[in-house]
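Taken together, the values in this text are just the output of simple stated rules run on the coordinates, not laboratory data. No experiment lies behind these values; they were computed from the predicted model shown. Don't worry about glycine lacking a Cβ; one is built from the backbone with ideal geometry, like all the others, and counts go over all protein chains shown.
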Amino acid sequence: MLIKCQYGDADGHVGDYELDIDGAVTIGFQKYLVTKEEVNTSRGLARVATWIWD
């Protein structure tokens, strides 16, 4: 799934990630909750994921 990460008010990177059992993605030591919001990116339509902890 194509994900666009958001950390606070800052937009992060866009990448392909698989959701874990909680509907979140872990990137390095940071975990992001994937929302139902979709946005257009240079790589196509992506789901927005908001930072929840690191």
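Among the residues of the range 22-54, which ones are among the hydroxyl-bearing types (S, T, Y) and in a loop (DSSP other than H, G, I, E, B)?
S42
Out of T50, T41, which single residue is of a type in the set (S, T, N, Q) and touching a Leu at 6+ places or on another chain (Cβ under 7 Å)?
T50
Out of all the residues in the range 4-21, which are surrounded by 12 or more Cβ atoms within 10 Å (Cβ to Cβ), in a strand (DSSP E or B) and of a type outside the set (D, E, K, R)?
Correct list: C5, Q6, Y7, G12, V14, G15.
Among the residues of the range 24-54, how many are at positive phi and surrounded by 11 or more Cβ atoms within 10 Å (Cβ to Cβ)?
Residues in the range 24-54 being at positive phi and surrounded by 11 or more Cβ atoms within 10 Å (Cβ to Cβ): 0 in total.
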